[in-house]
Amino acid sequence: MDLTYPPEAEEFRGVIRAWLTENLPEGWGTPEFSMTPAERAAFNEQWTATLFAGGWICASWPTEYGGKGLTLLQQVVLNEEFARAGAPLRADFFGDTLVGPTLLQWGTEEQKKQFIPRILSGTISWCQGFSEPDAGSDLASLKTRAELDGDEWVINGQKVWTTQARHADYIFLLARTDPDAPKHAGISYLLVPMKQPGVEVRPIEQMDGSSEFNEVFLTNVRCPRENVVGGVNNGWKVAMTTLGFERGTSATTGYRRFQKEFNEILQLAQAGGANRDPLIRQRLARSWSKIKIMQINGYRSLTDALHGTNATAALGATNKMFWSEAHQETMLLAMDILGMDGQLLLGQAGQDDEDAMLPGQRRGRAGYPVSSLQSLFFFSRSETIWGGSAEIQRNIVGERVLGLPKEPRPA
């Protein structure tokens, strides 16, 4: 594990730091800094354009497709400096991190020309249509079908847990295009317009009152024949690429959001005297230790990637399981420190999930004003499910990393 950066990386760090100082609002990141809801909305609207003008959206993408062609180490430095400043970096997670890189790897030149510039400019938004009511962890059991009708695919089925579906322009989805093929074959990866007849989006209200997820019903929905990515009936391979991007996180910055939450929890314990309880102190130390493990493992993964040694494959397989379970443990600690106060609605009234917030922040609806920690506690319950459930991850580690016998399957 190497904790040092070469001089050219530190020089690039200075460039990023200077750009952030010049473009962020005056006083950003200081204790006295605050924004009114109107100012937050204006900042969110302008920030994507500012990032685009600076070339920092998808800056690692090849220059011929609008990126800066950054090296891996430069991308790490970019992520570190934005995280240090608390500045939002992504315009659209689904576009920037999932479908965009998938198109760069699998898309035709026509698809790249049609979609990549709009992803970079933030003028097109996406949602992901993989999971179905009976096809979650067992994704290959999906039942949504697409049949060719002339120059268009006609799609019928249902998707669930679809984040951002209410606002998306397109959904990248998996549909069965050959029902007679084996389970993992006969699936295609389609880019489907959302704003058309036959697309019905139903929000799913969560415990904290927000409606981040949705059900999507598709009835005779159409998309162009050429909107298949990676070839007809090759969707499983393409989807595994997308899921790889989803599960890959910024190596040296992924721990920072957990560290920020922990600091808030520690201050809460100190203010209320809970830190004098030896059991609470022990749990605080355990949470802090796991966050430091995340940080150190990030450096291990980065060093491995830079050297091309592929020595941390097992670490990558356990990463999702580790951080999601550690986060649940920490948020349960937060609720225990709050005690009976944790049963009260501690957030600000008058805000709902449609309010303009800084990217990444969440709130309940006006009638259910949970605090930030309460919202995080609720959301952490889902983290061992989405992106690969902890049970499935354990099977992967046992079978593919440790070489243990496969779990018995029904005949």
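Right, Thr242: in contact (Cβ under 8 Å) with a residue 24 or more places away in the chain and among the hydroxyl-bearing types (Ser, Thr, Tyr) or not?
yes
What about Ser188, is it small (Gly, Ala, Ser) and either assigned to a loop (DSSP other than H, G, I, E, B) or open to solvent by 70 Å² or more (accessible area, probe 1.4 Å) (or both)?
No, not satisfied.
Can you tell me which residue in the range 118-137 is modelled with the lowest pLDDT, limited to those that are open to solvent by less than 70 Å² (accessible area, probe 1.4 Å) and not hydrophobic (A, V, I, L, M, F, W, C)?
Gly136
Restricting to the range 140-167, give me the number of residues that are among the hydrophobic types (A, V, I, L, M, F, W, C) and surrounded by fewer than 19 Cβ atoms within 10 Å (Cβ to Cβ).
Number satisfying all stated conditions: 3.
Give the range 261-284 a look and list any residue that's open to solvent by less than 50 Å² (accessible area, probe 1.4 Å), out of contact with any Phe, Trp or Tyr (no Cβ under 7 Å at 6 or more places or on another chain) and part of a helix (DSSP H, G or I), or say none.
Glu261, Ile265, Ala269, Ala274, Asn275, Ile280, Leu284
Based on this model, can you work out whether Glu147 counts as farther than 26 Å from Pro6 by Cβ, over 19 Å from the mean Cα position of the chain (by Cα) and not in a helix (DSSP H, G or I)?
Yes: the conditions hold for Glu147.
Can we say Leu315 is at pLDDT below 85, under 20 Å from Thr163 (Cβ atoms) and either hydrophobic (A, V, I, L, M, F, W, C) or touching a strand residue (DSSP E or B) at 6+ places or on another chain (Cβ under 9 Å) (or both)?
No.
Here are Val99, Val76: which of them is surrounded by 15 or more Cβ atoms within 10 Å (Cβ to Cβ), more than 23 Å from Val15 (Cα to Cα) and within 22 Å of the chain's Cα centre (by Cα)?
The conditions single out Val99.
Can you name the residue in the range 35-71 that is over 14 Å from Arg90 (Cβ atoms) and among the aromatic types (Phe, Trp, Tyr) and is also least open to solvent (accessible area, probe 1.4 Å) among such residues?
The qualifying residue least open to solvent (accessible area, probe 1.4 Å) is Phe43.
Consider only pairs whose beta carbons are under 6 Å apart and that are at least six residues apart or on different chains; among these, list those whose first residue lies in the range 95-121 and is among the basic types (Lys, Arg) and whose second residue is open to solvent by less than 60 Å² (accessible area, probe 1.4 Å).
Lys112/Leu103; Arg118/Ile124
May I ask you to verify whether Gln196 is open to solvent by 40 Å² or more (accessible area, probe 1.4 Å) and touching a Cys at 6+ places or on another chain (Cβ under 6 Å)?
Taking the combined requirement at face value, the residue does not satisfy it.
Do the conditions hold for Gly107, that is, is it crowded, with 18+ Cβ neighbours inside 10 Å, under 21 Å from Thr63 (Cβ atoms) and out of contact with any strand residue (DSSP E or B) (no Cβ under 7 Å at 6 or more places or on another chain)?
So Gly107 fails the test.
Select from the range 248-260 the residues that are part of a helix (DSSP H, G or I) and either surrounded by fewer than 18 Cβ atoms within 10 Å (Cβ to Cβ) or not charged (D, E, K, R) (or both) and list them in ascending order.
Correct list: Arg257, Phe258, Gln259, Lys260.
Hey, does the range 154-175 have a residue that's part of a strand (DSSP E or B), under 22 Å from Ser210 (Cα atoms) and either without any contact (Cβ under 8 Å) to a residue 12 or more places away in the chain or of a type in the set (A, V, I, L, M, F, W, C) (or both)?
The answer is yes; a qualifying residue exists.
The values are calculated or read from the model by the stated rules, or taken from the named source; none is laboratory data. In this text the structure is predicted, and so the values were computed from the model without any measurement. For neighbour counting, all protein chains shown are included, and Cβ atoms are generated from backbone atoms with ideal geometry for every residue, glycine included. Side chains included, ligands, DNA and RNA excluded: accessible areas come from the protein's heavy atoms. Shrake-Rupley method; radii C 1.70, N 1.55, O 1.52, S 1.80 Å.
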